[in-house]
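Worksheet: one structure, shown below.
Every read-out reported here was derived from the displayed coordinates using simple, explicitly stated rules and does not represent laboratory data. What you are looking at is a predicted structure, and each value in this text was computed from that prediction instead of being measured. Here the Cβ positions follow ideal geometry from the backbone for every residue, glycine too, while neighbour counts run over all protein chains shown.
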């Protein structure tokens, strides 16, 4: 899998950069050694393994014991099969690499649409300030930022990181007059569905209200799938969303996103407008991704913080 990703430099530049030959040979061995140090492959009792850690890696290390603990019965033909060190290493590496590009794109487009929609950005900043008034940003406070979450979801609807998803048909069926046979590969046009006015009225408009809790019933199942859908959706979805929310919340404590006059529109045809600069220019950042390449500036809005450049840029 790592070597396959390494061939996708044009469409997945970040993954391509991380999966060059050096990474494949050196970094993979480093990951493998780290996992081995946790005791993978050692003969240990299930109870001892399950007591050690409660994290992503331990889930794979304990996978071969799930049947014993979750079921009173098992078929006579059942045979416990441990995941090998190589299999666990592959899952761990792909878990993080697959999330890098999607997180990069989501951060880019969310910052971009916030820069174009000042009212939405002001509301998110107020939400962050409200959370900070209670103390430091925590996992729980991030989960309470409903409007920030809605902005991220709407940005990912407009610029879906993976515009197409693939599934293999397992049973013969007929859908909309089309005959599908077992083994057929089905391409699902996520970007097309996300821009269908039947499911999202005025689909080209940035409208985070679509994803607020009071409107969640208006979003039909299987019409919003930036991370895929079903039992085989993106394994790194929650980690990715947490990274996006944390990064944006930390930045928006001190700065707001604004466009430059030369800021380029993204692929869905939205034309950026120039916003007024109420605060002095502090620093510029270049946000790039495989899907949308644009340039924004960060303008400081917290005048009590005097070391912005040292901490963030």
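Out of curiosity, is residue 183 farther than 30 Å from residue 245 by Cβ and either in a helix (DSSP H, G or I) or over 18 Å from the mean Cα position of the chain (by Cα) (or both)?
yes
Before we move on, is residue 181 surrounded by fewer than 11 Cβ atoms within 10 Å (Cβ to Cβ) and under 22 Å from residue 231 (Cβ atoms)?
In short, yes.
If I filter region 211-224 for residues that are farther than 18 Å from residue 120 by Cβ, in contact (Cβ under 8 Å) with a residue 60 or more places away in the chain, in contact with a helix residue (DSSP H, G or I) (Cβ under 8 Å, 6 or more places away or on another chain) and assigned to a loop (DSSP other than H, G, I, E, B), do I get at least one hit?
The answer is yes, given that some residue of region 211-224 is farther than 18 Å from residue 120 by Cβ, in contact (Cβ under 8 Å) with a residue 60 or more places away in the chain, in contact with a helix residue (DSSP H, G or I) (Cβ under 8 Å, 6 or more places away or on another chain) and assigned to a loop (DSSP other than H, G, I, E, B).
Let me spell it out: the conditions are (1) crowded, with 21+ Cβ neighbours inside 10 Å; (2) under 20 Å from residue 203 (Cα atoms); (3) touching a helix residue (DSSP H, G or I) at 6+ places or on another chain (Cβ under 6 Å), and residue 124 meets all of them except one. Which number is the exception?
The failed condition is (2).
Can you find a residue that is touching a strand residue (DSSP E or B) at 6+ places or on another chain (Cβ under 9 Å) and either in a helix (DSSP H, G or I) or at negative phi (or both) anywhere in region 124-141?
Yes, the conditions are met somewhere in region 124-141.
On the given criteria, is residue 208 surrounded by fewer than 16 Cβ atoms within 10 Å (Cβ to Cβ), under 24 Å from residue 109 (Cα atoms) and touching a helix residue (DSSP H, G or I) at 6+ places or on another chain (Cβ under 8 Å)?
Judged against the criteria, residue 208 is not a match.
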